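The structure appears below as structure tokens.
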Amino acid sequence: QVQLVESGGGLVQAGGSLRLSCAASGYTDSFGCMVWFRQVPGKDREGVARIFRTSTLYGDSVKGRFTISQDNAKNTWYLQMNALKPEDTATYYCATRRSIYESCSLSTANSYYWGQGTQVTVSS
């Protein structure tokens with residue numbers, strides 16, 4: 001029974017920073033795969049960042065600006081977002097794969113447990 005709860009979204013000005021949190025419970029895959037996705041209305045969900053133990057991977061649009069990290073003791077994952085742009089406006093979701101037999105990637109084709117999402121709005 002996996003539950004993921006995102007928080008930390010809000011309204012910020014372009015160039016500002018925001019940190020999203022994902023609190024996990026029932027997460028048995030310690031040091032496993034956690035992925036941040038985002039989605040805007042009318043567009044497909046896209047992978048933003050993923051962490052597999054100490055290995056991180058970022059989408060091209062956020063590389064150099066976003067950082068994914070984790071606090072294993074608290075079962076909490078973070079997405080630090082800097083130099084935010086209006087095009088970063090989206091609903092952000094954290095997710096973890098349902099099967100360890102799937103690769104840990106930014107692909108939406110995998111099967112995931114999903115959080116409820118948190119809204120990020122970047123004004124110009």
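The values are calculated or read from the model by the stated rules, or taken from the named source; none is laboratory data. It should be emphasised that the depicted structure is a prediction, and the values quoted were computed from it without experimental measurement. Note that we place each Cβ from the backbone using ideal geometry, even for glycine, and neighbour counts take in every protein chain shown. Side chains are part of the model used for accessible areas, which takes the heavy atoms of the whole protein and leaves out ligands, DNA and RNA. Shrake-Rupley method; radii C 1.70, N 1.55, O 1.52, S 1.80 Å.
When the chymotrypsin sites (Phe, Trp or Tyr not before Pro) in segment 17-113 are filtered for DSSP coil states and for at most 13 other beta-carbon atoms within 10 Å of their beta-carbon, the remaining sites are PHE31, TYR101. Each other residue within a Cβ distance under 15 Å of GLY8 adds +1 if Lys or Arg and -1 if Asp or Glu, for a net charge of 0.
Ligands, DNA and RNA left out, the 1.4 Å accessible surface of segment 24-124 is 47% carbon and sulfur atoms. Pairs of Cα atoms nearer than 8 Å and 6+ residues apart set the relative contact order; for segment 1-71 it is 21 percent. Normalised by the number of residues in the chain, the average gap of Cα pairs under 8 Å and 6 or more apart makes the relative contact order 35 percent. Charge tally for SER105 (other residues, Cβ to Cβ under 13 Å; Lys, Arg +1; Asp, Glu -1): 0. A DSSP coil position with no more than 16 other Cβ atoms inside 10 Å describes the following trypsin sites (Lys or Arg not before Pro) in segment 31-111: LYS43, ARG45, ARG53, LYS63, ARG65, ARG98.
Averaged over its residues, the chain has an accessible area of 53 Å² per residue, based on protein heavy atoms and a 1.4 Å probe. Using the Stokes-Einstein relation with a Kirkwood hydrodynamic radius computed over Cα pairs, the translational diffusion coefficient of the chain at 10 °C and a viscosity of 1.306 mPa s comes to 111 µm²/s.
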